[in-house]
Amino acid sequence: MRRSFWTDRPRQVSKQAYNRYSFMVFGTVVTGGLGAMLLISSVLGMTTWQGNELAELPEMSISDALNHKGEGASPFKISGYLLASNPISMPDEPELKVIKGELQISAKFRDSGETTHEMLYEWQEQVDGVMLSQVNRLQASNQAISVDVDLAQLSLRTDRRARAKLQYDGSSRTSRPIAIEYQDQTFPLADLPTTRTVTPKVLRQYFPSGEKVTLIASIESGQTSKLVAPSGQELKILRGSESDIRKTGATARLMFGLTSFVLLGVSYGLGTKTARLRQSFVVRSNQP
């Protein structure tokens with residue numbers, strides 16, 4: 001392919017056509033690379049490693065854990081409901097009892113390319129301790145075992161449906177935002193120039209009390225037994241039962257495989273078109 005010295009693109013090829021060719025090359029590489037990575041992940045079972053890890057561990061019931069005597073057992077899996085004796089209520093939903101929760105309401109200001117944030121409300125709280133129970137609520141006849149875990153490692157559920165809206169000082173198109181409204185609460189904004197764009201933000205996360213979990217743990221025996229981190233490891237808390245975890249991993253593996261074939265097909269199609277376009281550039285660039 002003969003190139004023009006001044007523009008560094010094929011002779012007699014327009015800038016628009018060459019930019020389109022460059023974009024197609026980029027698309028071929030990106031879709032092919034993503035497809036290859038997803039295919040490798042699917043073949044190697046990278047989404048099923050948690051389920052495979054659980055399958056290799058012995059299982060223990062809550063009753064057996066409570067009656068365990070002697071030295072700490074080697075790592076095992078145990079399922080149940082993670083509960084707190086004194087669960088916390090989310091401030092915006094008192095009926096929702098949680099082990100740990102976080103709520104932030106803020107405003108993002110954008111003016112002349114500069115972005116700033118103002119925190120209007122911030123709440124974060126967690127219980128003192130948790131236990132693993134056979135049922136999802138504490139009862140006098142229920143068996144439950146204490147869990148010695150750093151609650152900072154809990155994977156919180158993010159509520160992506162939580163939204164706040166702006167309040168304005170009038171109904172015209174030139175009205176200024178004066179407050180952010182979230183449910184029945186109103187948070188006033190500082191006086192701002194009319195040129196500023198205001199976007200309300202809500203971060204709402206929580207770990208509900210009574211969540212079905214599977215733990216990889218060991219036992220510390222004493223006057224009362226409790227679940228602790230295995231020697232040299234950390235205590236793992238996985239959402240759902242073992243069957244749920246294995247099913248989720250298998251579904252993700254299938255989706256990765258199907259998506260990889262789609263991306264590789266798109267990459268092949270783009271690559272074929274790119275090769276034909278390049279050949280046409282070769283012909284055009286060599287014409288007198």
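General remarks:
- With contributions of -39500 (n - 2.57) from each DSSP H run of at least four residues, the per-residue ellipticity at 222 nm computed over the chain stands at -10500 deg cm²/dmol.
- Cross-link reach is defined here as a Cα-Cα straight distance under 29 Å, omitting same-chain residues fewer than 8 places apart; for Lys236 the lysines meeting it are Lys69, Lys77, Lys97, Lys100, Lys212, Lys226, Lys247.
- q = 0.15 Å⁻¹, region 139-270: log10 I(q)/I(0) [Debye, one scatterer per Cα]: -0.91
- Within-12-Å neighbourhood charge of Ala162 [Cβ basis; K, R +1; D, E -1]: +3
- Take the chain and mark each of the chymotrypsin sites (Phe, Trp or Tyr not before Pro) that is in a DSSP loop with at most 10 other Cβ atoms within 10 Å; the longest unmarked stretch, sites excluded, is 7-288.
- Range in the chain, longest, excluding exposed GluC sites (Glu not before Pro) [loop by DSSP; at most 15 other beta-carbon atoms within 10 Å]: 72-233
- Using the 1.4 Å probe convention, the accessible area of the chain works out to 61 Å² per residue with neighbouring protein chains retained.
- Of the two radii for the chain, the radius of gyration is 1.17 times the Kirkwood radius, both from the alpha carbons; that is the Rg over Rh value.
- For region 22-125, trypsin sites (Lys or Arg not before Pro) meeting the loop criterion (DSSP other than H, G, I, E, B) and having at most 13 other Cβ atoms within 10 Å: Lys69.
- The tail of the calculated P(r) for region 83-183, taken as Cα-Cα distances beyond 25 Å, holds 42 percent of the pairs.
- Taking the chain as a Gaussian network of alpha-carbon nodes connected by springs under 10 Å, the highest mean-square fluctuation of the residues Ser41, Ser146, Ser79 belongs to Ser41.
- Percent carbon-and-sulfur accessible area, region 70-156, ignoring ligands, DNA and RNA, probe 1.4 Å: 41 percent
- Relative contact order [Cα under 8 Å, 6+ residues apart], region 154-264, whole percent: 19 percent
- Note that region 26-85, at 25 °C in a medium of 0.890 mPa s, gets a Stokes-Einstein diffusion coefficient of 159 µm²/s from its Kirkwood radius over C-alpha pairs.
- Choice from Thr251, Thr116, Thr186 with maximal GNM fluctuation in the chain (Cα, 10 Å cutoff): Thr116
- The chain: angle of helix 15-44 to the longest principal axis, Cα-based, in degrees nearest 10: 30 degrees
The values are calculated or read from the model by the stated rules, or taken from the named source; none is laboratory data. Note that the structure is predicted; figures quoted are calculated from it, not measured. All Cβ positions, glycine included, derive from the backbone under ideal geometry; neighbour counts span all protein chains shown. These accessible areas exclude ligands, DNA and RNA; they are computed on the full protein's heavy atoms, side chains included. Shrake-Rupley method; radii C 1.70, N 1.55, O 1.52, S 1.80 Å.
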